[in-house]
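The values are calculated or read from the model by the stated rules, or taken from the named source; none is laboratory data. Since we're looking at a predicted model, the values are computed, not measured. Note that we place each Cβ from the backbone using ideal geometry, even for glycine, and neighbour counts take in every protein chain shown.
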Amino acid sequence: MRIRLLLAYIGTNYHGWQLQAEEEPKTIQGILERVLKKLSQESLRVTGSGRTDAGVHATGQVAHITLSNSHRFPALARSLNALLPPDIRVLGAKPCREDFHARFDAVDKTYTYRFWTEERFLPPHKAAFTWNCGTLDVASMQRALAFFLGRHDFASLQNKGTDVASSIRELLDGRITALPNEPFFPPYSPEIELTVRADGFLKQMVRNLAGILWAVGKKQLTPEHAAEILAMKAREKNPCRTAPPEGLSLVHVRYGTKEDDEW
């Protein structure tokens with residue numbers, strides 16, 4: 001029986017999603033497989049829709065497992081949550097078609113990246129979830145983001161470490177919005193959220209995009225420089241830093257059918 005899982009986690013204490021040869025430092029996949037083995041008495045592989053990096057979060061990671069004993073399915077999510085650490089939660093567990101694949105069947109994925117723009121303070125409860133970078137020229141960042149929309153070779157935004165057949169991806173949607181201020185805080189410069197949706201992402205592509213937008217927002221580059229960096233098609237020619245992981249979250253994976261998307 002194949003089961004589809006919807007997962008949320010805080011990535012701060014983990015060395016990313018992917019299982020390591022040695023489970024130290026610990027990974028999300030490694031923790032899940034260890035708990036599943038305890039519950040099912042069998043070694044199960046948890047296949048995720050994508051590999052989030054160390055320190056990156058998720059509110060909508062999708063994964064699949066295959067159980068040899070279907071009687072172990074009832075209350076699976078509740079049983080897993082009882083044994084998992086509190087910073088990893090199973091939001092849903094649902095039987096799916098036997099050939100469902102969390103990674104290869106995905107149609108598109110959505111990530112968010114958050115920038116904290118208030119110079120005076122960063123609330124402690126936000127420290128692990130936003131880049132504390134101070135004042136940004138958001139209008140210029142929005143103009144720069146427009147150059148990345150559509151189908152392009154994103155090699156300038158691809159860090160080394162994962163072999164792929166092609167670095168061409170289609171950025172289907174991209175927007176920058178200001179999040180509402182918290183009601184009991186004094187007035188402050190808004191937290192800014194970048195949302196991007198694409199048919200696929202290269203290694204640290206969103207963090208490199210955020211790094212370019214940060215440089216534009218800090219007026220180190222013009223929006224037109226962002227277009228030039230994209231056209232270079234080489235990460236070593238991109239002068240911008242890779243944005244830190246704490247601002248990044250995988251928020252949604254879409255499969256394009258009611259059967260695969262409904263929870």
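Some points to look at:
- Of residues in segment 144-192 being in contact (Cβ under 8 Å) with a residue 12 or more places away in the chain and among the acidic types (Asp, Glu), the one farthest from Ala243 (Cα to Cα): Glu182
- Against the test of being within 22 Å of Asp105 (Cα to Cα), hydrophobic (A, V, I, L, M, F, W, C) and either surrounded by fewer than 16 Cβ atoms within 10 Å (Cβ to Cβ) or at pLDDT 95 or above (or both), the options Leu84, Leu80, Leu7 yield a single qualifying residue, Leu7.
- Residues of segment 170-211 classified as more than 14 Å from the chain's Cα centre (by Cα) and hydrophobic (A, V, I, L, M, F, W, C), total: 8
- Meets criteria (within 26 Å of Tyr255 (Cα to Cα), of a type in the set (S, T, N, Q) and surrounded by fewer than 15 Cβ atoms within 10 Å (Cβ to Cβ)) for Thr47: no
- Number of residues in segment 4-22 that are touching a helix residue (DSSP H, G or I) at 6+ places or on another chain (Cβ under 7 Å) and hydrophobic (A, V, I, L, M, F, W, C) equals 2.
- Selection within segment 15-70 - touching a Lys or Arg at 6+ places or on another chain (Cβ under 9 Å), of a type in the set (A, V, I, L, M), more than 16 Å from Lys94 (Cα to Cα) and outside any loop (DSSP other than H, G, I, E, B): Leu39
- All conditions in (1) surrounded by fewer than 20 Cβ atoms within 10 Å (Cβ to Cβ); (2) at pLDDT 95 or above hold for Lys37, with the sole exception of (2).
- Taking the criterion of being part of a loop (DSSP other than H, G, I, E, B) and surrounded by 18 or more Cβ atoms within 10 Å (Cβ to Cβ), the residues of segment 101-128 that qualify are Ala102, Asp105, Ala106, Thr117, Glu118.
- Residue list for segment 114-143, restricted to those being closer than 22 Å to Glu224 by Cβ, in contact (Cβ under 8 Å) with a residue 40 or more places away in the chain and under 21 Å from the mean Cα position of the chain (by Cα): Phe115, Cys133, Met141
- Test for Thr195: is it out of contact with any helix residue (DSSP H, G or I) (no Cβ under 9 Å at 6 or more places or on another chain), hydroxyl-bearing (Ser, Thr, Tyr) and loosely packed, with under 14 Cβ neighbours inside 10 Å: no
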